[in-house]
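Just below is one structure, and these are the notes that go with it.
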Amino acid sequence: SKQNGRNGFAFYFEDLNIDTRRVLVLDTEIRKAIENKDFELYFQPKVSIGDNKIVGIEALVRWKNEKLGFVSPNEFIPFAEETGLIIPISEIIIEKACEELRKLRNAGFYDLTIALNISSIHFHQYSFLDSIKNILEKNNTSAQNFEIEVTERTVMNSDSDTIRKLVRLKQLGFKLSIDDFGTGYSSLSYLVRFPLDYLKIDRSFIQHIITLDDKQAVVDAIIQMAHRLKMEVVAEGVESVQQLNLLKEMGCDYIQGYYYSRPVPMDELIEFLQIWEVV
Ligand code: C2E
Ligand code: CA
Ligand code: CA
Ligand code: CA
C-alpha cells in the first residue's frame, strides 16, 4: 500500500505487473552491465562435412546478472535493440571477440575465424563500418580473422546503403554470412546481388528434416540453389547423426550444432580443439 512504500518508487514498483517490472529491472541491469562490460562470449565450432575439419567458431553472447540470473540473448538482445543499447553491447562483444581471438592464436590455432552476430540496428547505424574498423585497429587485428553474420531481415531492404556496406565489409576482408535463412521472406535469387560467402539454414528447418518431407525438400532446394549462386551452406542446430548424414547426402558444406558441441567458453573450446586435432 501507499503507506508501506518506503518511497514513491517502491510503491509504484510493487503495483506494476510482472512484465513491466521485468522490463524496468532489465533496463537498469543492462545499463549496469554495459558500464562494467559484464558480457561474456561462448563459442560453437563450425565443422566442414567433407573432411571433418573445424573451420571457424561462432561467438554467442552470454549474460549472467546477479538479480536476474542467466538472461538469454533471445530476451535481452531484442530488448536492447528497442532501447538502442544494442550498439554499446555490440561494441563490447566485438572488443571481447578480439581478446578471445588472441587466446585462440596463442593456443596455436591460426586459421580459425570468429563469426560475429551483428544486429540490424548496429549494421544500419551510419557509423557501423567505422565502429567495427576502429575496434579491430585498437586491438591490432584485421577483418580476415572474422566473419559477419547478418540475418535475412537485416538485408531485406536491399537499398544502396545496405549493398554498399556489405561490399565494403567484403573489401575489408570479412567473410559474410546470411543467418537464419528461411525465416524471412527473401528469395535466394534476390541475395545474388550481395557478396555473400555463407548461407546458414535456420534451425527450424533442420529440426524436422528427418520427420517432415516438406522441410527436407526445402533444405535440399536451398542447398542446390545456394551452390549455383556460389554460396556455401551451413546447417545450424544439427543434433543427431541422422540429420548429419542426410545433410551430407544433400551436399551441405558445414554443420553447427549440439551434435558436435554446445557453445562453450574459450578455454573449453581450446581443449575441444586440441582433442579434435588428435582424433
Ligand atoms: P543464432 O545466431 O541463430 O544462434 C544460434 C542459436 O542456436 C544459439 O542460441 C545457439 O546456442 C543455439 N544452438 C546451436 N546449436 C544448437 C542445437 O543443436 N540445438 C539447439 N536447440 N540450439 C542450438 P543462443 O546462444 O541462445 O542465441 C540466440 C540468438 O541470440 C542468436 O541466434 C542470435 O540471434 C542472438 N545472439 C546471440 N549472441 C549474439 C551476439 O553476440 N550479438 C547479437 N547481435 N545477437 C546474438
Ligand atoms: Ca548466428
Ligand atoms: Ca542462426
Ligand atoms: Ca536464430
Mind listing whichever residues of the stretch 195-204 are within 16 Å of ligand 4 (Cβ to nearest atom) and open to solvent by 30 Å² or more (accessible area, probe 1.4 Å)? Arg203, Ser204
Would you mind stating whether Arg153 is within 16 Å of ligand 4 (Cβ to nearest atom), surrounded by fewer than 18 Cβ atoms within 10 Å (Cβ to Cβ) and charged (D, E, K, R)? yes
Restricting to the stretch 187-212, count the residues that are within 15 Å of ligand 3 (Cβ to nearest atom) and more than 24 Å from Gln144 (Cβ to Cβ). 7
Anything in the stretch 231-243 that is among the hydrophobic types (A, V, I, L, M, F, W, C) and open to solvent by 20 Å² or more (accessible area, probe 1.4 Å)? List them, or say none. Val241
Looking only at the stretch 167-194, and only at residues there that are away from ligand 4 (no atom under 16 Å from the Cβ), at pLDDT 85 or above and among the aliphatic types (A, V, I, L, M), the one that is nearest to Gly237 (Cα to Cα): Leu176
Check whether at least one residue in the stretch 32-53 is within 23 Å of Ile270 (Cβ to Cβ) and surrounded by fewer than 13 Cβ atoms within 10 Å (Cβ to Cβ), and report yes or no. yes
Output the residues belonging to the stretch 166-178 that are open to solvent by less than 10 Å² (accessible area, probe 1.4 Å) and within 16 Å of ligand 1 (Cβ to nearest atom). Leu169, Phe174, Leu176, Ser177, Ile178
Residues (out of contact with any helix residue (DSSP H, G or I) (no Cβ under 8 Å at 6 or more places or on another chain) and open to solvent by 60 Å² or more (accessible area, probe 1.4 Å)) located in the stretch 76-108: Glu82, Glu99, Arg102, Asn106
I'd like to know if the stretch 156-165 contains one or more residues that are open to solvent by 10 Å² or more (accessible area, probe 1.4 Å) and within 16 Å of ligand 4 (Cβ to nearest atom). yes
Quick check on this structure: which one of Val238, Val233 is free of Cβ contacts under 8 Å to residues at least 60 places away in the same chain, within 19 Å of Glu58 (Cα to Cα) and assigned to a loop (DSSP other than H, G, I, E, B)? Val238
Out of all the residues in the stretch 110-142, which are open to solvent by 30 Å² or more (accessible area, probe 1.4 Å) and in contact with an Asp or Glu (Cβ under 7 Å, 6 or more places away or on another chain)? Asn117, Ile121
So which residues in the stretch 83-98 are in a helix (DSSP H, G or I) and of a type outside the set (Ser, Thr, Tyr), if there are any at all? Ile86, Ile87, Pro88, Ile89, Glu91, Ile92, Ile93, Ile94, Glu95, Lys96, Ala97, Cys98
Restricting to the stretch 206-230, what's the tally of residues that are open to solvent by 10 Å² or more (accessible area, probe 1.4 Å) and touching a residue at least 24 places away in the same chain (Cβ under 8 Å)? 10
If you check Tyr42 against the conditions, is it within 13 Å of ligand 2 (Cβ to nearest atom) and either in a loop (DSSP other than H, G, I, E, B) or within 14 Å of the chain's Cα centre (by Cα) (or both)? yes
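The values are calculated or read from the model by the stated rules, or taken from the named source; none is laboratory data. All of these numbers come straight from a predicted model, not from anything done at the bench. Cβ: placed from backbone, ideal geometry, glycine included. Neighbour counts: every protein chain shown. Heads up: the accessible areas ignore ligands, DNA and RNA and are worked out on the full protein's heavy atoms, side chains in. Shrake-Rupley method; radii C 1.70, N 1.55, O 1.52, S 1.80 Å.
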